[in-house]
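Only the coordinates and a few stated rules stand behind these numbers; no lab work does. Since the model is a prediction, treat every value here as computed from it, not as a measurement. Every residue, glycine as well, gets a Cβ built from its backbone with ideal geometry; the counts of neighbours run over all protein chains shown.
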Amino acid sequence: MRIGIIKETALSEPRVAATPETVKKLVAAGQQLIIERGAGRASSILDDDYAQAGAELLDDSSSVLRQAQILLKVQAPSADELAQLNPGCAVLSIVHPHKNPLLPDYARAGLSVLAMELMPRITRAQSMDVLSSQANIAGYRAVLLASQYYGRFIPMLMTAAGTVKAARVLVLGAGVAGLQAIATAKRLGAVVEAFDVRRAAKEQVESLGARFVEVPVEESGDAAGGYAREMSDEYKARQAELIHERACQADMVISTALIPGRPAPVLIKAATVAAMKSGAVLVDLAAESGGNIEGTVDGEVVTTERGVTLIGTRNIAGLVAADASALYARNLLNFLLPMLDKEHGLQLNPDDELVKATLVVADGQVRFGQPAAQ
Ligand code: NAD
């Protein structure tokens with residue numbers, strides 16, 4: 001089949017959906033790869049590298065879109081891209097189906113759309129889990145981003161001119177991103193503490209050498225699939241006091257708390273930001289989902305009058321574009337390859353639980369939100 005890759009056109013999106021490594025494997029599996037020239041440039045991939053891997057380079061995105069039978073993307077097709085695709089084309093990308101207004105248009109255009117972020121978190125699908133591969137990178141890069149804005153040393157230093165204290169880092173939400181943020185901050189020499197509503201997170205936080213901040217209320221936020229659930233009002237009130245206290249001691253805060261399908265919980269109120277140390281830096285990885293920190297502006301970096309910096313930069317994984325693309329492209333390959341049949345093309349088996357969970361548009365219908373797509 002003809003598999004197309006184009007340069008991403010969404011704002012702040014340097015990633016690309018295929019690398020020479022994944023192209024090579026798809027070509028070896030008998031597929032034809034067509035790639036827009038320059039598609040990998042922002043991820044440090046040259047056209048020549050794609051060509052050597054066996055892809056055919058085309059001059060513009062339109063030539064790719066008009067011929068593609070399968071389109072691999074990072075972000076779902078825009079209205080302009082959609083208008084150029086042929087009916088029957090299958091698209092694999094991040095889709096944001098709960099807020100993507102184009103889903104009915106994809107259905108009318110006769111596309112099959114698979115939303116990679118809906119991949120079930122089961123053992124079989126671990127190598128296809130784009131949320132994990134990208135959150136891992138975001139957690140790492142968030143700490144480096146905070147360090148760029150932080151005007152002090154991170155590790156403790158003992159010098160002839162006196163001792164410099166280690167930075168105190170508070171990580172809110174110890175899932176995939178949070179655990180990587182903890183590990184990165186520890187490597188830089190910070191004193192790290194972390195908080196999560198899931199009791200299961202305590203052991204993981206402690207195994208990385210960080211302190212787990214515990215809310216003294218007998219309630220756990222563990223929900224199905226390792227995700228968090230919404231907590232009681234009493235828990236939230238005690239949690240708010242504790243986070244306020246810990247944040248006032250912190251030099252850096254990395255917040256990563258998300259609840260699937262709901263706005264992100266607000267964990268740091270404006271009053272806490274106002275009481276934090278001058279020079280403190282906060283990175284809100286949940287900024288795009290409403291934010292964990294009051295005062296963070298989605299997509300921007302703001303500094304308060306007291307000198308506290310709030311970072312709401314989008315697509316932090318994209319700041320490590322080459323590796324983010326490499327992992328994302330492998331996630332796509334691992335999902336796509338077993339569904340490709342040399343004779344019959346792409347086989348989307350509606351009984352397969354991975355297809356059931358991710359196929360949000362098919363047969364002219366929007367399936368997202370329907371029982372079969374849950
Ligand atoms: P996520 O991005 O949905 O949320 C990030 C973290 O925020 C989670 O740990 C969550 O518990 C936490 N959180 C939510 N509300 C909070 C609040 N009010 N206060 C503090 N923390 C809050 O989660 P994630 O990082 O994608 O992963 C969640 C879990 O799923 C982890 O246990 C992870 O190990 C597990 N997981 C399993 C698989 C698999 O089995 N294949 C794959 C990936 C992740």
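Tabulated data
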read-out: Mean-position separation - Cα centroids, region 33-70 and region 154-203, in angstrom; value: 41
read-out: Charge dipole of region 21-87 about the Cα centre (unit charges at C-beta), most positive-ward option of Leu57, Gln32, Ala79; value: Gln32
read-out: Region 137-319, relative contact order in percent, only Cα pairs under 8 angstrom and at least six apart counted; value: 20
read-out: Spherically averaged projected area in nm², based on the convex hull that wraps the Cα atoms of region 111-251; value: 11.4
read-out: For peptides 198-205, 302-309, sequence by mean Cβ density within 10 Å, most packed first; value: 198-205, 302-309
read-out: Total charge dipole magnitude, region 137-319, about the Cα centre, Cβ charges on Lys, Arg, Asp, Glu only, Debye to nearest 20; value: 600
read-out: Taking the chain and dividing mean pair separation by its residue count, relative contact order in percent (alpha carbons under 8 Å, at least six apart); value: 18
read-out: Dipole magnitude of the chain about its Cα centre (Cβ charges: Lys, Arg +1; Asp, Glu -1), debye to nearest 20; value: 660
read-out: Pairs from Lys24/Lys73; Lys24/Lys342; Lys165/Lys269; Lys25/Lys356 whose Cα-Cα separation, in the structure shown, is over 22 Å; value: Lys165/Lys269; Lys25/Lys356
read-out: Kirkwood Rh (inverse of mean 1/r, distinct Cα pairs), region 320-374, angstrom; value: 12.9
read-out: Charge dipole (region 232-374, unit charges on Cβ, about Cα centre) - positive-most of Ala362, Gln347, Pro265; value: Pro265
read-out: Leu157-Lys342 pseudo-label distance in nm [points 7 Å out on the Cα-to-Cβ vector]; value: 6.1
read-out: At R0 = 22 Å, FRET efficiency that the Cβ-Cβ distance of Leu11 and Val302 yields, to 0.05; value: 0.70
read-out: Mean Cβ count within 10 Å, highest first, over the residues of peptides 311-317, 55-61, 162-168, 347-353; value: 311-317, 55-61, 162-168, 347-353
read-out: Spin-label proximity, Ser220 to region 166-193 - amide N less than 17 Å from point 7 Å beyond Cα toward beta carbon; value: 174-175
read-out: For region 1-138: span of alpha carbons on each principal axis (Å, largest first); value: 38, 34, 31
read-out: Lys/Arg +1, Asp/Glu -1 at C-beta; region 137-319 dipole; positive extreme among Gly318, Pro216, Val176; value: Gly318
read-out: Which of Phe195, Phe335 has the fewest Cβ neighbours within 10 Å, and the rest in rising order; value: Phe335, Phe195
read-out: At q = 0.08, 0.15 Å⁻¹, base-10 log of I(q)/I(0) for the chain (Debye sum, equal scatterers on each alpha carbon); value: -0.45, -1.25
read-out: Cα Rg, Dmax, region 225-269, angstrom units; value: 11.7, 33
read-out: Span from the region 340-362 Cα centroid across to the region 314-331 one, whole angstrom; value: 25
read-out: Packing-based order for 9-19, 266-276, using average beta carbon neighbours within 10 Å, highest first; value: 9-19, 266-276
read-out: Rough spin-label spacing in nm, given labels placed 7 Å along Cα→Cβ, for Glu245 and Gln365; value: 5.4
read-out: DSSP beta bridges in the chain [antiparallel fraction, %, rounded to 5]; value: 25
